[in-house]
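Read the structure below first, then the notes.
The values are calculated or read from the model by the stated rules, or taken from the named source; none is laboratory data. Because the structure is predicted, anything quoted here is derived from the model rather than measured. Note that each Cβ is placed from the backbone with ideal geometry, even for glycine, and that neighbours are counted across all protein chains shown. Keep in mind that these areas ignore ligands, DNA and RNA; they rest on the heavy atoms of the full protein, side chains included. Shrake-Rupley method; radii C 1.70, N 1.55, O 1.52, S 1.80 Å.
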Amino acid sequence: MSLTFSDTTKLSWSNIAQHKKRSILIVVTIALLFGVIMAFNFILQGLRDTILDAALQTTSGQIYLETGYAENGPSSTSGIPIFADQAALDTYVDQSVTGCHGEVVGTITTYQINNTRWVIDQSLAERFGPLDLSLVTKGKIPYLAPSIKGNHFTSYLHHDGHPDDRLVQVGTYPVTETGSPTLPGFNPLNLLLGLVHGSSDSAPPLIVDDGSGKVDDYILALAQERVTRDGYGTVEQLFETRPPETRFVAAFDNYEDALDYYQQSQNGQIATYVKVGNKVYYLLTVDIFGNNINLSIDFDNLQTMLIMLEIILIIVAVIIATLTLAHLIDSDASTIALYRAVGASTGDIYWIYFLYLLELCLLAVLACLAIAAIITGILWLINASALSTRLEDFYVLAKPLSINLFGINQLFFWTIFTIPLIAPLSLLLALRHFSPKYIAKNLKDD
């Protein structure tokens, strides 16, 4: 007579009480192995979300990418898309941006004359903050300064070795500190904070072009001074030798859309090289305000490493559970013989020990969650205040940042649903210990 489900469940729970030490060994081993990984994943996802929140505060929730084609591509043009003219290429870039739910909101042009000059549209400058245009008196040229001025900033404002008095600051644009927002001393969070990279030390002034033509006149005047000083011949010849480079500024309301566009620009889904006339160009896409676009890539790479580590830990946990179960079955030879004597089938016995392992795995899940919550909670209590201040300084935020270290992602659920798999895998590996011959041998040895 087969046992009922209620009977097998009671017998499986009685195994836990009967074999407390071995049961505790399995639960503690699984909980420790996966609890630390789960805590690390909590912190990884929580920091990722917190840092993105900090970065997006400075740009009103938008991600800005500078994107476009620069001259000097490869010498070989085989298989490279050909565009009829610059207008056709510009349309291609605009369509690529809108295809990722972005919008081209302006341009940035670089002029290599004397000191380099960067020029943006006034409509674009207004997106980065208020402009005090009352400072722009006759003969003055407005510019935006980075919110943190690097070591090279002052030199950018010079002309022929002297300060360019024609330039006047009318606002700022957001940048971060250089380096990473790590905390002082040896801190476990620095393992992740070290993946966050700030702006370079060479954030330049951005000249604001209101479309009136005075910025064009200013650039031409600089070019004429360079031609006169160095004997280039004409301004046209100078610009032929050092052509201005104009690229688009694309805005994305959603970080994932910006990341999608960036990855397409890196993997060739958007043409890496193109040809216009007899010139070859290559695609350049960069994050204007620091390296926010690389944040998700670096963190996702680390998360992939965690998945690989979890696979290894599952193998370790299965081996430990199998060995423990094998010893338990060997010591339960007389009990299993008794099960058979009262009418339990082989399937019933398998079911008893499967439920036993499954119950241990479910207890391990609860213990794993508790361990992960304790580790994450302790790190949050110790570091939340200092990290908020550090990120506030690093990103030049207007208000303190709320720190969240409890982040939930797919890896969390993958871990929860993976731990119970240890039960059937361990049972399959220990099946030979259930054979009547094996049990009879154990009874004889006893």
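Scanning segment 12-32 for residues that are within 12 Å of Glu359 (Cα to Cα) and in contact with a helix residue (DSSP H, G or I) (Cβ under 8 Å, 6 or more places away or on another chain) turns up Ser12, Trp13, Asn15, Ile16, Ser23, Ile26, Val27.
Listed residues Leu44, Leu56; which is in a helix (DSSP H, G or I), open to solvent by 30 Å² or more (accessible area, probe 1.4 Å) and touching a residue at least 40 places away in the same chain (Cβ under 8 Å)?
On the way: Leu44 fails: open to solvent by 30 Å² or more (accessible area, probe 1.4 Å).
Leu56 is the lone residue from the list that is in a helix (DSSP H, G or I), open to solvent by 30 Å² or more (accessible area, probe 1.4 Å) and touching a residue at least 40 places away in the same chain (Cβ under 8 Å).
Scanning segment 335-347 for residues that are open to solvent by less than 20 Å² (accessible area, probe 1.4 Å) and either β-branched (Val, Ile, Thr) or at pLDDT 80 or above (or both) turns up just one, Ile336.
Each row is one residue, and each column tells you yes or no for (1) under 30 Å from Gly150 (Cα atoms); (2) in contact with a Lys or Arg (Cβ under 6 Å, 6 or more places away or on another chain); (3) surrounded by 14 or more Cβ atoms within 10 Å (Cβ to Cβ).
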| residue | (1), (2), (3) |
| --- | --- |
| Asp216 | yes, no, no |
| Gln237 | no, no, no |
| Thr241 | yes, no, no |
| Ala251 | yes, no, yes |
| Asn254 | yes, no, yes |
| Gly268 | no, no, no |
| Thr285 | yes, no, yes |
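Do we have any residue at all in segment 59-81 that's of a type in the set (Phe, Trp, Tyr), modelled with pLDDT of 90 or more, part of a helix (DSSP H, G or I) and under 30 Å from Pro181 (Cα atoms)? The answer is no; no qualifying residue exists.
Among the candidates Ala386, Ala321, Ala372, single out the residue that is small (Gly, Ala, Ser), under 44 Å from the mean Cα position of the chain (by Cα), farther than 19 Å from Lys437 by Cβ and open to solvent by 30 Å² or more (accessible area, probe 1.4 Å).
Ala386
Residues that are without any contact (Cβ under 8 Å) to a residue 12 or more places away in the chain and outside any helix (DSSP H, G or I): does segment 17-27 have at least one? Within segment 17-27, not a single residue is without any contact (Cβ under 8 Å) to a residue 12 or more places away in the chain and outside any helix (DSSP H, G or I).
Pairs linking a residue in segment 171-196 that is closer than 21 Å to Gly377 by Cβ to a residue that is open to solvent by 30 Å² or more (accessible area, probe 1.4 Å) and aliphatic (A, V, I, L, M), with Cβ atoms under 6 Å and 6 or more positions apart or on different chains, are Leu183/Ala386.
Of all residues in segment 146-179, those satisfying the criterion of being assigned to a loop (DSSP other than H, G, I, E, B), of a type in the set (Val, Ile, Thr) and open to solvent by less than 60 Å² (accessible area, probe 1.4 Å) are Ile148, Val175, Thr176.
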